[in-house]
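The values are calculated or read from the model by the stated rules, or taken from the named source; none is laboratory data. Note that the coordinates shown come from a computational prediction; the quantities given were computed from them, not determined experimentally. Neighbour counts run over all protein chains shown; Cβ positions are idealised from the backbone, glycine included. Accessible surface areas use protein heavy atoms only, side chains included; no ligands, DNA or RNA. Shrake-Rupley method; radii C 1.70, N 1.55, O 1.52, S 1.80 Å.
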Amino acid sequence: MMEKNVLVIGGGIAGISAALELVECGIKVTLVEINPSIGGRMIQLDKTFPTLDCSTCTLSPKMVEVALNKNIELLTLAKPIFVEKKENRFTVKILKKARYVDEKKCTGCGNCFSGCPVYMKSEFNMGLGERKAVYIPFPQAIPNKATIDKRESRPCKANCIQACPINTNVPGYLRLIRDRKPKEAYILIRSTNPLPSTCARVCYAPCEDVCNRGDMDYPIAIRHLKRFAVDNFTIEDLPIPVIQKNEKKVAIIGAGPAGLACAHDLAVKGYNVTVFEAETEPGGMLRYAIPEYRLPKSELRREIQYIRKLGVEFKCNTKIGQDIGLPEIIRQFNAVFIAVGAQKPLKLNIEGEKLDGVLGGIDFLKMVHRGEKVEVGKRCVVIGGGNTAVDCARVALRLGAQDVKIVYRRSREEMPASEEEIDDLIEEGVKIEFLTSPKRFIGRNGKVSEIECVRMELGEPEKDGRRKPIEIVGSNFMMPVDTVIVAVGQIPDTSFIEGSELSTEDNGTLKVDNKTKMTSLPGVFAGGDVVTGPKFVVDAIAHGKKAAINIDRYLRGEELQTFEEEKITQKLTKDEILFLKEKFGRETKVRVPKLEAQDRKKNFFEVMKGYNEGEAILEAQRCLASKIEGCIECGECDKRCEVKAINHEMKDEIIEKDFDALIVATGFDIFDPSDKKEYGYGKYNNVITSIEFERLSSVTGPTGGDIVINGKIPKRFFFIQCVGSRDNQIGARFCSRVCCMYTAKHATIVKDRIKDSKVYVSYIDMRAYGKGYEEFYKSVQEEGVIYIRGIPGEVIEGRDGLIVRVEDILSGELREIEVDVVVLACGIRPKKEIFELSRITNLELDEYGFVKTESHSSSITSVQGIFVCGMAEGPKDIPDTVAQAGEAVASCLEYLL
Amino acid sequence: MKTGIFICHCGHNIKHTVDVKELSEYFKEIPNVYVATDYAFVCSEPGQEIIKESIEKFELDRVIIASCTPSLHGELFKDLLKKSGLNPFLLRRVSIREHCSWTGDDLKKNTEKAKKLILAGLFSVVHNLPFEEKVVEVDKSALVIGGGISGLSAACFLSKMGIRVYLIEKEKELGGHVKRLNNVWPYEKTGKEIVESLVSELVKADNVQIYTGARLELLEGYFGNYNVKITADGEREMNFKVGGVIVATGFEPFDPYLKPELGYGRDRRIVTTLEIEEKLNEVVLPEKPRVAILHCVGSRDETLGKSYCSRICCINALKVARMIKEGYENAYIECFYMDVRAHPKGGEEFYEETQVKGVFFTRGNVAEVVPLSRCVLIRGEDTLLGEVFEKEFDLVVLSIGMSSQSENKRLSQLLKVSLDKDGFFMEAHIKLRPFDTAVKGIFIAGCCSGPKDVEESINHGKASALKLFGMLNKGYAYVEPFVADVTEKRCSGCRMCESVCVANAIKYDARKRVVKVEEAQCMGCGLCNATCPSSAVTLLGYSDMILMDEISGLLARL
Amino acid sequence: MEKGFEIKDDVNIVGFTCSYCAFKASEMAGSLRLKYPEGVKVIQVPCSSRVDPAFVIKAIFEGADGVFVAGCHPGDCHFIKGNYFTRRRIYALKEMFEAFSMKGRLKLFWISAAEARKFVEKVTEMYNHLKEGKK
């Protein structure tokens, strides 16, 4: 008897029973199950008839036994694909689908689910609930390991994630928007970005520049979609996470994006954070440089308010080096992060720059935002081509200037300001003098009145790739003005470092170790514009976050992390683009609505409006990653898995093994009632199948056992039996044997949970033939369940629910019964996998697809050495299945003798 | 006592809401704790290595692992202890993940709770004993009670698998009711054929003893070692030893005399399904006979106290109808039924074909069967039409149900296996353990636990035999270490424990006036321990000391 | 927290849970990250019938505000009928508790392995009730 091994196919109650019996008799077993967990249909049941005991309680100990038994090799997500019988041995090839999670490493903790942006229908809950693309089907699953549901590989390279300085999971949140989950999208965005509302408005969106969709038609409007997520979430509802506070204190100098991001991340880690800010309110450039029509201050305040709620203390009106010295701060705090930005406007260094009416760009914007009265007069000229210049011009227009011009020494192509902004600006009526440079400002009575300009042409490219502007001699001309705003750049004001060991680079920025963000002083870090010179909001946030990571490490005495330069984004090859174009076709970008130029140019109302839901979904589904089923490889699970069990590179395997015998226990499928049109399944959402009802009433189900349909507790139920059984018309003459009893069970569950419910059951013959079944049927009737003999003709929509038309054969009358829910007691069908199995094993099936057996033993099949048990052989209840599993093993042992 | 405490971070899962450092610092200070340490993943290779090294270095004799719930990684850590040269029962797992870090958010409160949970483990692990898994030898033999189809199938299987079988049958010959069947549906074989093939195998086998006219007189002992006393052929008394028992006493056909209104026994034209199968040839019928078949005789009948459905009689009735139809092509056959429970595989199709062949089905209650000279009159009510009817027939067949063996009651007392309200044997779990009883090593098969058809009875016979074989084949049985244990000098012999034990594991020693526990039989529920008024019975592994000190730990003031 | 100091408003509950049902439910409550008060702590017993009244009394003596015993639903006992004994025993003990004006400090719950939510509901309800009484 020793050294025999048997393959059991199917991990439901039949397969589990057979496997456990076999090992008990000293036989080695390989149990293959096509799903991620064993348990089969029985584990989906809430209770079992007639004792109404809990299915989980009875089955899960057996499942654990399977997992612990050393003589059972359990292969989940696996199925046999080739079987060959040679003499008395079967050579079997088993396809084991990749789980993409290392079973050895996974601890089943479930952290990975929380970040996954892909929602899928839970098979365990019959599609009534959702699960993630990475999931454990139910808490008692065996093996209790996560599985990634990867159906196809991601078509694009997701450059967007790479391109974003804070690696925002773009495909992830686009997917959530597509799935109508803006709240979840927001949470995902927020997991890396503490200022989503700001970024949704003013980010320069490097992600869009590299979007692979752009190679096909247009890049996705990622920033606008972020805006949609932000608009559909109230940050005040965001819960404060559980923070385990520590005693350490960190000072942050500057409440701009870098400082705020750093403060946020450190506060969440439990540090006591104080932010020093020179201005009267936190926000830095976000607050004082970006105009209201692009970023409403109220939005910014709300985001800062949340950071306050995390316990961050703001000390405003406190200028470093003036109100408090750097050494003092270093003494008081355990660590410092300097993020004072680049506040000092650059000068042109030409004649007349000191005249009245010549303003620095940043100074001008700050004055406006502080609410100071700024007279711009009629004619206003802005010098420069960056975002600040554009902002200044548009603000000047809104302050009442009638003629606003921008003077820029190169052409439009070279303008650093964003395309969109320039378009808006021109729409609003601002003229741009390209290839023009100011020579000197001429004043009258100490106030500027004219600019002498000169035309330029473009020469050889410079170091940064832009062509060098060269003066055209003799092209000088005069431009009359009331105000000149010089917006040609800013540099950091680092005067506060004097007397400390800190030093600056040649260009005036603060010197730091670029890889760790720490300065030459231990514990003093710096980031943002003060280190990089003027850059974008998201770059500053990235710096703040990186600093937070290393401040945390520094304070815990760990080695600092080194941050490498951004990875190079991968382009799609020509062939790939061609393939994708063919597969997905061309889709136009959904335009985002905005205020018309005439409606906006005289006020500070926000220019950009957001997408509505329909537009957002339409745009989000253009994302290539949103177009595939299953995992989109966004990496959220990876980030959360602490044991590094996720492995996207895993491949399907084929395991070849020899067996002495096979036991087929593939179980069953449920009849799909869509074919029986008269009952309206799929048409009315309150017509459900019995197994759906089972999940709905289960304490482990999507509603925790509350029978709720369409948000309401139904009161009137109609159970229709023999749906898909005893029905010649659909070719199923057989009786499914379990539906009478499970319906009786469902009826009592309804009666038990919904006290004033009315329950009807229609039947042909009430087949309560098992032990204790008849008594159970009696008790169900005594509870007030009304049994009607007859098969309903149809289910139609009524005034207040559904109307079931049924001829009561006992009374002979045609009844129309109005109910809230119709439950179809669907019959049993052979599992669809059985047909393939039958093909590869030559197993004979009967006319319906159940495995044919010999007349004197219900487990002996047409192939010697292959045995069958459970529903694979035909419908039967659980005790009969267990008995047959025993019989199959007994016959198998006799065969092996 | 040298205890080592190992606290798992489970990455962030525990660490995030429990201060694991604080825990290890706290426990380091406690006397007898030789090592208290925390690690990211105690279940990982390096984590296990730390435990192994500590056991060796500090010569630990108790180990506490505070991590996920004990049901996870159970075997892993037991093996680790074994590998480290320590008895695995000296390990205590404390769940600080499922029962602490995941159920609350507050670090301080959780840390306090975790401390108490670990303290409870620390206090109680002291009482853990280094159990050796006990082994008892089992006799590779079985007693099969009942020589019907289930018993025969069981005996055949066991004998084939090399188990010595003692088969006892109360009748003079083997075969039970199946032997009387002319045509076993759906095999189209006679019952005799089926039975005889099994019997001939048994007779051939050299490891089978068959006793007919026999009955069980006594069964003593426990799994693997039962002493059996039987009497055979009326007086011969026999004693032998078996490892386990299969009860396959079958059923008794319902006695139709109990329903006098059906006229059975008053006229030869009123017969049972069993009789007509045996003697269809002997019945004289007109050329175009009118036959009534009454379903549910002795089943689903509250007035008789038989509320259960006998499962097989509908298909039996259909089979009889078809047999008659085959003999008398022009027969008029009408079945009176409540529900047609054509339950076996293919039954529904058989029912449909029977209707097509011209057998009529009337849903109705038959109130009375009156034999007249020219015919047999049936009075009843058609429940579909709501009409009272009176019909004439030449033959009335009563489709009788199954009753439990009257012998069951006596056996139940001998075997200490309970019966249900209908007198059938009760299974340990109606769904998942349909062959097991509460007594280890005693199984039930076939109709003795409720009505079944032939195929199901064969399945049952083989499956229960398989269960027993699995247990016997090893030749030995592990005795669960967590069983009840009696301290004799405390035992007053009040026998309260004996009365509550469902596993029949407690035996009274009349000579010593104390009880003792059959370890092999004990299921380890601890009911006896909680019942004993003098604390003489202890459930090992869950002793009073262990649980009492666990309570103290949980309620410790820190 | 300093040693020898106990939070005054803390309510301590000790629960004896059957390994086949209620203990499994408590495990699942954890896996599902359901929250319940830290004052609730469970002890695993093979069957609810293992619980000796002495355990309950000991727990009360040592400062527990409440004790619960949780087993399988009637009819579902792994040991056939252990929980019926539990029911009888706890009923008697409850009467004694009531006689000593300790009503509500001893509870018996039937919780199946799948009823994690019920476990949390029951223990939280008991906790809140006892906390209310402590004020």
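List the strands (runs of 3 or more DSSP E) inside the range A:461-538, counting only whole elements, that have at least 1 residues being modelled with pLDDT under 90 and within 44 Å of the chain's Cα centre (by Cα). Let's see the steps before the verdict.
Numbers: elements: A:467-471, A:477-480, A:483-486, A:524-526.
Hits in the range A:461-538: A:467-471.
So that you can scan it fast, the table gives a plain yes or no per residue for (1) touching a strand residue (DSSP E or B) at 6+ places or on another chain (Cβ under 6 Å); (2) surrounded by 24 or more Cβ atoms within 10 Å (Cβ to Cβ); (3) of a type outside the set (A, V, I, L, M, F, W, C):
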residue	(1), (2), (3)
A:226	no, yes, yes
A:231	no, no, yes
A:235	no, no, no
A:243	no, no, no
A:247	no, no, yes
A:274	yes, no, yes
A:281	no, no, yes
A:295	no, no, no
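Which numbered condition in (1) at the interface with another protein chain (Cβ under 7 Å from one of its Cβ atoms); (2) surrounded by 22 or more Cβ atoms within 10 Å (Cβ to Cβ); (3) part of a loop (DSSP other than H, G, I, E, B) is the only one that residue B:529 fails?
Answer for residue B:529: the failing condition is (3).
State all residues of the range A:660-689 that are surrounded by fewer than 16 Cβ atoms within 10 Å (Cβ to Cβ) and out of contact with any Pro (no Cβ under 9 Å at 6 or more places or on another chain); if no residue qualifies, say none.
Residues satisfying the conditions are A:672, A:674, A:675, A:677, A:683, A:685.
If you take the residues in the range A:401-427 that are touching a residue at least 40 places away in the same chain (Cβ under 8 Å) and within 23 Å of residue A:286 (Cα to Cα), which one is surrounded by the most Cβ atoms within 10 Å (Cβ to Cβ)?
Applying the first criterion (touching a residue at least 40 places away in the same chain (Cβ under 8 Å)) to the range A:401-427 yields A:401, A:405, A:407, A:409-411, A:414, A:418, A:424, A:427.
Right, trim to within 23 Å of residue A:286 (Cα to Cα) and you get A:418, A:424.
Working: A:418: 17, A:424: 22.
My answer is A:424.
Quick check on the range A:378-400: of everything there that is among the β-branched types (Val, Ile, Thr) and open to solvent by less than 10 Å² (accessible area, probe 1.4 Å), which residue is farthest from residue A:203 (Cα to Cα)?
Taking the range A:378-400 and keeping what is among the β-branched types (Val, Ile, Thr), we get A:381-383, A:388, A:390, A:395.
If we keep only those that are open to solvent by less than 10 Å² (accessible area, probe 1.4 Å) as well, we get A:381-383, A:390, A:395.
Values: A:381: 26, A:382: 23, A:383: 23, A:390: 15, A:395: 19 Å.
Here the residue is A:381.
For the range A:755-763, check the following and say yes or no: at least one residue is more than 14 Å from chain B (Cβ to nearest Cβ), open to solvent by 10 Å² or more (accessible area, probe 1.4 Å) and in contact with an Asp or Glu (Cβ under 7 Å, 6 or more places away or on another chain).
No: the range A:755-763 contains no residue that is more than 14 Å from chain B (Cβ to nearest Cβ), open to solvent by 10 Å² or more (accessible area, probe 1.4 Å) and in contact with an Asp or Glu (Cβ under 7 Å, 6 or more places away or on another chain).
Identify, from the list C:56, C:51, C:40, C:69, the residue that is at pLDDT 95 or above, at the interface with another protein chain (Cβ under 7 Å from one of its Cβ atoms) and crowded, with 20+ Cβ neighbours inside 10 Å. Steps first, answer last, please.
Details: C:56 fails: at the interface with another protein chain (Cβ under 7 Å from one of its Cβ atoms); C:40 fails: at the interface with another protein chain (Cβ under 7 Å from one of its Cβ atoms); C:69 fails: at the interface with another protein chain (Cβ under 7 Å from one of its Cβ atoms).
Within the list C:56, C:51, C:40, C:69, the selection yields C:51.
Out of the range B:334-348, which residues are touching a Phe, Trp or Tyr at 6+ places or on another chain (Cβ under 8 Å), more than 23 Å from residue A:810 (Cβ to Cβ) and open to solvent by less than 10 Å² (accessible area, probe 1.4 Å)?
None - no residue of the range B:334-348 is touching a Phe, Trp or Tyr at 6+ places or on another chain (Cβ under 8 Å), more than 23 Å from residue A:810 (Cβ to Cβ) and open to solvent by less than 10 Å² (accessible area, probe 1.4 Å), so the list stays empty.
Quickly run through the range A:730-754 and pick out the residues that are away from chain B (no Cβ under 12 Å) and either of a type in the set (A, V, I, L, M) or in contact with a Pro (Cβ under 8 Å, 6 or more places away or on another chain) (or both).
A:730, A:744, A:745, A:747, A:749, A:750, A:754
Could you go through the range A:256-272 and let me know if any residue there is surrounded by fewer than 24 Cβ atoms within 10 Å (Cβ to Cβ) and among the aromatic types (Phe, Trp, Tyr).
For the range A:256-272, residues surrounded by fewer than 24 Cβ atoms within 10 Å (Cβ to Cβ) and among the aromatic types (Phe, Trp, Tyr): absent.
Taking the range B:72-97, which residues are open to solvent by less than 50 Å² (accessible area, probe 1.4 Å), away from chain A (no Cβ under 14 Å) and either of a type in the set (A, V, I, L, M) or on the phi > 0 side of the Ramachandran plot (or both)?
Correct list: B:80, B:81, B:86, B:90, B:91, B:94.
Only one of (1) surrounded by 21 or more Cβ atoms within 10 Å (Cβ to Cβ); (2) over 18 Å from residue A:883 (Cβ atoms); (3) within 14 Å of chain A (Cβ to nearest Cβ) is not met by residue B:385, so which one is it?
(1)
Does residue A:776 satisfy the criteria of being open to solvent by 10 Å² or more (accessible area, probe 1.4 Å) and under 19 Å from residue A:45 (Cα atoms)?
Details: open to solvent by 10 Å² or more (accessible area, probe 1.4 Å): yes; under 19 Å from residue A:45 (Cα atoms): yes.
When the stated conditions are applied, residue A:776 passes them.
In the range C:36-80, what residues are touching a Pro at 6+ places or on another chain (Cβ under 9 Å) and more than 15 Å from residue B:529 (Cα to Cα)? I'd like the intermediate steps shown before the answer.
Initial filter on the range C:36-80 (touching a Pro at 6+ places or on another chain (Cβ under 9 Å)): C:44, C:78-79.
Across the range C:36-80, the qualifying residues are C:44, C:78.
Do any helices (runs of 4 or more DSSP H) lying entirely in the range A:338-457 carry at least 1 residues that are farther than 24 Å from residue A:278 by Cα and modelled with pLDDT under 90, and which ones are they? Explain how you work it out, then say what you get.
Details: elements: A:361-370, A:387-398, A:419-427.
Passing ranges, in order: A:419-427.
Could you list all residues from the range A:844-874 that are surrounded by fewer than 24 Cβ atoms within 10 Å (Cβ to Cβ), part of a loop (DSSP other than H, G, I, E, B) and within 45 Å of the chain's Cα centre (by Cα)?
A:848, A:849, A:850
When you scan the range A:134-153, do you find a residue that is more than 13 Å from every other protein chain (Cβ to nearest Cβ), touching a Pro at 6+ places or on another chain (Cβ under 9 Å) and open to solvent by 40 Å² or more (accessible area, probe 1.4 Å), even just one?
No; the residues of the range A:134-153 include none that is more than 13 Å from every other protein chain (Cβ to nearest Cβ), touching a Pro at 6+ places or on another chain (Cβ under 9 Å) and open to solvent by 40 Å² or more (accessible area, probe 1.4 Å).
Looking at A:874, A:865, A:827 in this structure, which one is within 12 Å of chain B (Cβ to nearest Cβ) and either in contact with a Leu (Cβ under 6 Å, 6 or more places away or on another chain) or on the phi > 0 side of the Ramachandran plot (or both)? First the steps, then the outcome.
Working: A:865 fails: within 12 Å of chain B (Cβ to nearest Cβ); A:827 fails: either in contact with a Leu (Cβ under 6 Å, 6 or more places away or on another chain) or on the phi > 0 side of the Ramachandran plot (or both).
After ruling out the rest, the residue left standing is A:874.
Within the range B:309-335, how many residues turn out to be outside any helix (DSSP H, G or I) and within 14 Å of chain A (Cβ to nearest Cβ)?
Within the range B:309-335, the first condition is being outside any helix (DSSP H, G or I), and the residues that meet it are B:309-312, B:328-335.
Applying the additional criterion that residues be within 14 Å of chain A (Cβ to nearest Cβ) yields B:309-312, B:335.
Count: 5.
Could you check the range B:13-37 and list, in sequence order, the residues that are open to solvent by 20 Å² or more (accessible area, probe 1.4 Å) and in contact with a His (Cβ under 6 Å, 6 or more places away or on another chain)?
B:15
For residue B:118, work out the one condition from (1) touching a helix residue (DSSP H, G or I) at 6+ places or on another chain (Cβ under 8 Å); (2) open to solvent by 50 Å² or more (accessible area, probe 1.4 Å) it doesn't fulfil.
Only one criterion is unmet by residue B:118, namely (2).
Pick from C:108, C:93: which is outside any helix (DSSP H, G or I), under 17 Å from residue C:50 (Cα atoms) and among the aliphatic types (A, V, I, L, M)? Working first, answer last.
Values: C:93 fails: outside any helix (DSSP H, G or I).
Criteria check complete, one pass: C:108.
Any residue at all in the range B:132-152 that is part of a helix (DSSP H, G or I) and at the interface with another protein chain (Cβ under 10 Å from one of its Cβ atoms)? Can you show your working first?
From the range B:132-152, those part of a helix (DSSP H, G or I) are B:149-152; that's our starting set.
Subset that is at the interface with another protein chain (Cβ under 10 Å from one of its Cβ atoms): none.
Checked against the condition, which is being part of a helix (DSSP H, G or I) and at the interface with another protein chain (Cβ under 10 Å from one of its Cβ atoms), the range B:132-152 yields no hits at all.
Conditions (1) within 14 Å of chain C (Cβ to nearest Cβ); (2) open to solvent by less than 20 Å² (accessible area, probe 1.4 Å), marked per residue:
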residue: A:51; (1), (2): yes, no
residue: A:65; (1), (2): yes, no
residue: A:75; (1), (2): no, yes
residue: A:81; (1), (2): no, no
residue: A:86; (1), (2): no, no
residue: A:91; (1), (2): no, yes
residue: A:95; (1), (2): no, no
residue: A:100; (1), (2): no, no
residue: A:115; (1), (2): no, yes
